[in-house]
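**Student:** Supplied in structure tokens, the structure appears directly below.
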Amino acid sequence: MNKNMLCQRAIDALKNSYSPYSNCKVGAALLTESGKIYTGCNIENASFSPTICAERVAFSKAVSEGEHSFTAIAIAGEKSGVLTPFSPCGVCRQVMAEFCNADFKVLVVKTKDEFNEYTLSQLLPNSFNLKEI
Ligand SMILES: [Zn+2]
């Protein structure tokens, strides 16, 4: 899977965002080791705490289908109709640490053709992780 194609899937996924409160749309495309892609979008709620990020929607879909091995996730954000780089929040980083290795790739979309690439260990150093105990 080409990284730009994964980013495009994240851009496509943000179109389903339900975000009437923040007006920030986010899409995610999660790549499994077997090459499957699970997408997600942010889903907000008037009560706020039930709100779930695009990344966790993608992980929830994948894990509920039996997937536990992942190589990369692309994240695309949009504010006022313009692609805007949104880094994953702390909760999503912790979810990634549950299922992914330190070298898991996080692609944050900047424009249709550009993205910043991080590893999970860069975004969440010294994470709480029972796998390494
Ligand atoms: Zn999040």
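The values are calculated or read from the model by the stated rules, or taken from the named source; none is laboratory data. This is a predicted model, so every value here is computed, not measured. Virtual Cβ from ideal backbone geometry, glycine too; neighbours counted across all protein chains shown. Please note that ligands, DNA and RNA were not included when accessible areas were found on the heavy atoms of the full protein model with its side chains. Shrake-Rupley method; radii C 1.70, N 1.55, O 1.52, S 1.80 Å.
**Student:** Can you pull out every residue in the stretch 62-82 that is touching a residue at least 40 places away in the same chain (Cβ under 8 Å) and under 15 Å from the mean Cα position of the chain (by Cα)?
**Tutor:** F70, T71, A72, I73, A74, I75, A76, G77, E78
**Student:** Scan the stretch 1-26 residue by residue and report those that are under 23 Å from P50 (Cα atoms) and either among the acidic types (D, E) or in a loop (DSSP other than H, G, I, E, B) (or both).
**Tutor:** Selection gives S17, S19, P20, Y21, S22, N23.
**Student:** When the residues of the stretch 26-61 are filtered to those that are within 14 Å of the ligand (Cβ to nearest atom) and of a type in the set (A, V, I, L, M), which remaining residue is most open to solvent (accessible area, probe 1.4 Å)?
**Tutor:** Result: I43.
**Student:** Continuing with the same structure: Taking interchain pairs and intrachain pairs at least six residues apart, which have beta carbon atoms under 7 angstrom, with the first residue in the stretch 48-61 and of a type in the set (F, W, Y) and the second at pLDDT 95 or above and open to solvent by 30 Å² or more (accessible area, probe 1.4 Å)?
**Tutor:** What qualifies is F59/V95; F59/F99.
**Student:** Let me ask something additional. Only residues that are open to solvent by less than 50 Å² (accessible area, probe 1.4 Å) and either free of Cβ contacts under 8 Å to residues at least 12 places away in the same chain or within 13 Å of the ligand (Cβ to nearest atom) (or both): list them for the stretch 98-116, please.
**Tutor:** Correct list: V106, V108.
**Student:** Okay, next question. List the pairs whose first member sits in the stretch 120-132 and is closer than 17 Å to P88 by Cα, whose second member is of a type outside the set (A, V, I, L, M, F, W, C), and whose Cβ atoms are under 6 Å apart, counting only residues at least 6 apart or on separate chains?
**Tutor:** Here the result reads L123/R93; L124/R93, each pair linking the stretch 120-132 to a residue that is of a type outside the set (A, V, I, L, M, F, W, C).
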